[in-house]
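To start, the structure under review is shown below, and the notes come after it.
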Amino acid sequence: MSQPSSLNQSTPLEYSTEDGRLKIFGFWVFLGAEVILFSCLFASYMVYLHRTAGGPTPNDLYDVKEFMIETFLLLTSSFTCGLATHELRRNNKTGVIVWFIITLILGLGFVGMEAHEFVDYVGEGAKLSTSAFLTSFFTLVGTHGCHVSLGILWISGILIQTARHGINAVTARKLFIVGLYWHFLDVVWVFIFTVVYLTGMVL
Amino acid sequence: MSKLIHFLLHDFFVTGEPMIYMADVAIVLVSVVILAVLTYFKRWKWLWREWLTTVDHKKIGILYILAALAMLFRGGVDALLMRTQLAAPNLHVLDAEHYNEIFTTHGTIMILFMAMPFLIGLINVAMPLQIGARDVAFPYLNAISFWLFAAGAMLFNLSFVIGGSPDAGWTSYTPLAEKGLDPGVGENFYLIGLQLAGIGTLASGVNFAVTILKMRAPGMKLMKMPMFTWSTLITSIIIVFAFPVLTVALAMLTIDRIFGGHFFTATAGGEPMMWVNLFWIWGHPEVYIVILPAFGIFSDIISTFSGKRLFGYSAMVYSMLAISVLSFVVWVHHFFTMGNGGTINSVFGISTMAISIPTGVKIFNWLFTMYRAKVRFTVANLWSLAFIPNFVIGGVTGVMLAVAAADYQYHNSYFLVAHFHNVLIAGTVFACFAGLTYWYPKMFGHILNERIGKWTFWVFVIGFNVCFIPQYFLGFMGMTRRVYTYPAGLGWMPLNLISTIGGFLMGIGFIILVWNILYSALLGKRDMTGDPWGGRTLEWATTSPAAEYNFANVPEVEEIDAFHDMKKKNKVKEWLNKPIKDIHMPNNSGRPIIMAGFFFVAGFALVFGWIWLAIVGLLGVFITMLLRSFEIDHGHHIHKEEIERTERIARRIP
């Protein structure tokens, strides 16, 4: 709410204004809500795991190579996003933009592969309406995919702003928050990798 | 063309019911009158600038309360229709189908579009003032919250005349609420309307939590906050952890109904009990979301009108924390009879009974606050005093229901209906009326007439007991919930008739309240002091109504009941005479209401399964978000001279 006050050099730029501090804290609280949201989807998925209603089972569908590449892309993107935040702390605009663009490319690769995976499944007759298992699979993984897609749009918008206005208290706060969001999605994917794909291959 | 006409007459507009034609006419007439009045008095610009685009927490609070009163009217009319139908055996005021719709909309509206927004409205008005803040943490988001709620409420109410109302109960149990057993779009209105309002509520929860944790006046430690603020903080935390569950449950049922999913269907591996569990994992905390702020309101009011500090302040805080934790581990008690087995039922029965311990602690604290105090029997305090015994009846019958074995007798009977009305009305509704009366001068600058207020109080409270006490007995006599009529000869008629009379008394009480609001607007006593009740907390330290910036100088807090402490130490003058500086405030914005408009379009389209239009609506939502992100908005400053002028007019500085 309040405007930039005198900058304190010892605190990072995104925390230097009251506005920045409030919004970052608010975003953490929001992420708390997101944790609950995904927990519900995970719990539902576990309930429906074996309710395949004679349709395809996890074992029939999941392809190790594909979900390993997806995982690799997303985990790497989280690392490059971390490097972007590092450059943000060093006040290096070019570095921030370059690392975020690499993050975006990796993210796009992930979303592309996931879309391809979904299309494949539907082609094999594994549709959302086939069984409760598939409804919950598409809902859980799809919700994550929608989050990543939204993140890509969001990062793009903030990169344009950073390119225009440089790194200041406002853009630093926005870059930092979108970074939090991206890392959060990465953590969710680690759980999807374990609960959905690994469990699906083993059980 | 004829296909289109067929669609409009059979699937789009609800036809064939005289009551609905009357509603159509009423809606058109009221809309025309509102438009005409606004145009005639040239109030369009005023409406847009002062209300529709506001980000001021006090105005948003008033908007919430106005909407909640309108919804109380709608839900109340539903209730009276039901009571009329049940007044005597074999009546056919409503047919079975229409009765199902009415009890569904009554429950949904009263909980989600009346109780919650009423309390969120009071929180908006009072909480930032109580902690000495200039606004909430995210004023723009606050406006989005309100308009999303408004869009959700509009969408839900629209179902009455377009598409048909939902009819599977406010709990919308599956598989009954699934497409196969409940075709038509009624349930879709329920799902999307609640989804929109729910997202708004989640945003409010985040907003209030951050505001309280980060924006308190200097010196106000957590354990020095007013009790209403404490209750708001705990409620916000419950909202943040409970509402995502509702979001997911609604989304899952939407996927089932509109996209052919199988979460809760009885076929293809679906599991209807998942809905019941998810609904109540949200639903039970929701009960505490609507009761904890009520506890906060009563605490502040009883302490003020007893002229004493609240007895057992820290016990109050810890009991609320205990309730908030317990609220998440009792959900199964809503379906003891649905095949959980003895062990699970016992665990949830005991956790449910455990809630009565912290609640009992609070009851005694309120009583001890009044011990040897000079209690002033103002209307706000009367509501609080009536709350205690009436709520205890609801609480004790709740403990009876918590005995799982006995619940097989009570389950879904009128005993249950009486129980939850006894907690929700004596708790939440009494608190809404108490809070409205208490903070009314802070909102509008004048006091609600006390004499008329007492009439509302007595008529409503007597009506309430006449209405619901007989229902306990009807429950024991075997009358089940949601029956649309009953045969003669069961001996149910006298008690039903009495109950109906009580219901209408409550309706009359509501009319007197509305009359009081109109009367007081014209002839009400002005509050020139800003402190009409001898208040103890900071909201009474500023003018009535509070200026846009709330406080010319942020007060410094030393004790619980900070304003009382300032008055006692003669520090008020000194504080008022501090030099005034420019104050930074956020700018108004028209985008929240436009964004909610797009959400409404998307929601309406999804109800009818018009995916292309839903995508257009969501695109609109994204564009408004993008515009916000690219906007450079530093807010504005209210200059020192202007503040001094305002304060001088309020005669707070010489």
Legend entry - Partners for B:Lys179 among aspartates and glutamates (Cα-Cα distance below 12 Å; same-chain residues under 8 apart left out): B:Glu187, B:Asp256
Inset, instruction - Scale the Cα Rg of the protein assembly as shown by the rule-of-thumb value 2.2 N^0.38 Å and send over the ratio, two decimals. - result: 0.97
Inset, instruction - Please name whichever of A:Ser16, A:Pro58, A:Leu185 sits farthest to the positive end of the charge dipole of the range A:14-202, dipole taken about the Cα centre and charges placed at Cβ: Lys and Arg +1, Asp and Glu -1. - result: A:Ser16
Inset, instruction - May I ask you to derive the FRET efficiency for A:Leu180 and B:Val93 from their Cβ-Cβ distance with R0 = 56 Å, giving the value to the nearest 0.05? - result: 0.50
Legend entry - chain B - charge dipole about Cα centre, Lys and Arg +1 at Cβ, Asp and Glu -1, debye rounded to 20: 2340 debye
Legend entry - Net charge contributed by nearby residues that have their C-beta within less than 13 Å of A:Leu13 (K/R +1, D/E -1): +3
Legend entry - Mean-position separation - Cα centroids, the range B:535-598 and the range A:152-203, in angstrom: 38 Å
Inset, instruction - Return the long-range amide H neighbours of B:His636 (sequence gap of 5 or more, or a different chain), with a cut-off of under 5 Å between placed amide H atoms. - result: B:Met585, B:Asn587
Legend entry - Pair B:Arg645, B:Leu4: separation of 7 Å Cα→Cβ label points (nm): 5.6 nm
Legend entry - Derived scalar couplings ³J(HN,Hα) [the range B:620-633; Karplus, 6.51 cos²θ - 1.76 cosθ + 1.60; whole Hz; x for Gly, Pro]: x, 4, 5, 5, 5, 5, 4, 4, 4, 4, 7, 6, 9, 10
Inset, instruction - Would you kindly derive the ³J(HN,Hα) couplings of the range B:560-571 from the backbone phi angles with the Karplus curve 6.51 cos²θ - 1.76 cosθ + 1.60 (θ = phi - 60°), listing them in order in whole Hz, with x for Gly and Pro? - result: 4, 6, 4, 6, 4, 5, 4, 5, 5, 8, 6, 9
Legend entry - Label-point separation, B:Ala266 to B:Ile469 (7 Å along Cα→Cβ), nm: 4.3 nm
Inset, instruction - With only Lys, Arg, Asp and Glu charged, each at its Cβ (+1 for the first two, -1 for the last two), find how big the charge dipole of the protein assembly as shown is about the Cα centre; round to the nearest 20 debye. - result: 3320 debye
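Quick one: dipole size for the range A:14-202, taken about the Cα centre, charges +1 on Lys/Arg Cβ and -1 on Asp/Glu Cβ, in debye to the nearest 20.
680 debye
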Inset, instruction - Summarise the partner chain shielding of A:40-52 as one whole number: the mean count of Cβ atoms from other chains within 10 Å of each residue's Cβ. - result: 4
Inset, instruction - Find how many whole Å separate the alpha carbon centroid of the range B:316-368 from the alpha carbon centroid of the range A:112-143. - result: 40 Å
Legend entry - Residues whose placed amide H lies under 5 Å from that of B:Ser413, excluding near-sequence neighbours: B:Arg481
Legend entry - Relative contact order, percent, the range A:14-202 [alpha-carbon distance under 8 Å, six or more residues apart]: 36 percent
Inset, instruction - Compute the separation of the alpha-carbon centres of the range B:439-485 and the range B:46-83 and state it in Å as a whole number. - result: 20 Å
Inset, instruction - Any aspartates and glutamates with Cα under 18 Å of the B:Lys45 Cα? List them, leaving off those in the same chain fewer than 8 positions away. - result: B:Asp56
Inset, instruction - Set the Förster distance to 30 Å, then compute FRET efficiency between B:Leu47 and A:Leu150 from the Cβ-Cβ distance, nearest 0.05. - result: 0.30
Inset, instruction - Using the structure shown, list the pairs from B:Lys567/B:Lys640; B:Lys221/B:Lys578; A:Lys23/A:Lys127; B:Lys362/B:Lys568; A:Lys23/B:Lys308; B:Lys214/B:Lys578 with a Cα-Cα distance above 30 Å, or answer none. - result: A:Lys23/A:Lys127; A:Lys23/B:Lys308
Inset, instruction - Take every Cα pair under 8 Å in chain B that's 6+ residues apart, average their separations, divide by the length, and report that relative contact order as a whole percent. - result: 16 percent
Inset, instruction - Let me know the volume per residue of the alpha-carbon convex hull for the range A:14-202, in Å³. - result: 101 Å³
Inset, instruction - With r as the distance between the Cβ atoms of A:Val64 and B:Leu518 and R0 = 60 Å, compute the FRET efficiency 1/(1 + (r/R0)^6) and round to 0.05. - result: 0.25
Legend entry - In nm, spacing of pseudo-spin labels at B:Lys581 and B:Phe377 (7 Å Cα→C-beta vector): 5.0 nm
Legend entry - Residue-by-residue Karplus 3J(HN,Hα) for the range B:3-8, coefficients 6.51, -1.76, 1.60, Hz, glycine and proline x: 5, 4, 5, 4, 4, 5
Legend entry - For the range A:14-202, with +1 on Lys and Arg beta carbons and -1 on Asp and Glu, the positive-most of A:Ser156, A:Met201, A:Cys40 along the dipole: A:Ser156
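For a test of the definition: using alpha carbon positions, the gyration tensor, and the 1.5 limit on a/c, classify the range B:254-402 as rounded, prolate or oblate.
In terms of gyration-tensor shape, prolate.
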Legend entry - Long-range HN-HN contacts of B:Ile162 with modeled amide H, under 5 Å: B:Val14
Legend entry - Most positive-pole-ward Cα, B:Thr201, B:Ile638, B:Ala294, against dipole of chain B from beta carbon charges: B:Ile638
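Laboratory data are not the source of any read-out in this text; all were calculated from the coordinates shown. All of these numbers come straight from a predicted model, not from anything done at the bench. Using ideal geometry, Cβ is built from the backbone for each residue, glycine included, and neighbour counts are taken over all protein chains shown.
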